[in-house]
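Here is the structure we will look at.
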């Protein structure tokens with residue numbers, strides 16, 4: 001983990017740290033399972049950011065103004081969150097066209113969230129397909 005991201009996560013409550021680290025691990029697992037190449041991990045807009053070649057950036061963060069959740073952010077000018085709403089209407093709480101909110105007390109499961117991460121990391125390869133090829 002990048003030192004700057006580790007410092008950022010360590011400044012958060014332990015429940016938020018655990019959730020963020022679980023989502024981060026899931027991102028790296030999806031990249032490895034799908035052979036998506038090297039992951040660029042950095043801070044963007046003060047949030048942990050992840051990108052692979054051919055994908056759309058995923059950012060993850062916890063905010064004190066909404067302390068009971070972490071958020072997984074996607075580029076709002078893509079069809080990602082709109083597609084996630086269509087495929088997983090009951091599985092997630094969404095924030096506009098930009099984020100999935102994950103409660104701190106909910107285990108990060110690899111099923112639907114893993115699929116959403118996969119679609120984001122393959123976005124530029126699948127954006128022309130109905131429902132992103134899901």
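A short reminder: the numbers here are calculations on the coordinates, not readings from a lab. Just so you know, these numbers come straight off a predicted model, no measurement behind them. Reconstructed Cβ throughout: ideal geometry from the backbone, glycine too, with neighbour counts over all protein chains shown.
Data table
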| item | result |
| --- | --- |
| For the chain: relative contact order, % (alpha-carbon pairs under 8 angstrom, 6 or more apart) | 24 percent |
| Calculated SAXS-style log₁₀ I(q)/I(0) at q = 0.13, 0.14, 0.16, 0.18 Å⁻¹ - the chain, Debye, Cα scatterers | -0.49, -0.57, -0.76, -0.98 |
| FRET E, pair residue 63, residue 85, Förster distance 22 Å, beta-carbon r, rounded to 0.05 | 0.55 |
| Virtual spin-label span in nm between residue 3 and residue 105, 7 Å along Cα→Cβ | 3.8 nm |
| Degrees, to the nearest 10: 14-33 long Cα axis against longest axis of the chain | 30 degrees |
| Computed [θ] at 222 nm, deg cm²/dmol, the chain (DSSP H ≥ 4; -39,500 (n - 2.57); rounded to nearest 500) | -11000 deg cm²/dmol |
| Added length on full extension, which subtracts the Cα-Cα distance from 0.36 nm per residue, residue 28 to residue 11 | 3.9 nm |
| Theoretical gain in end-to-end length, residue 44 to residue 94 [0.36 nm per residue, Cα-Cα removed] | 15.9 nm |
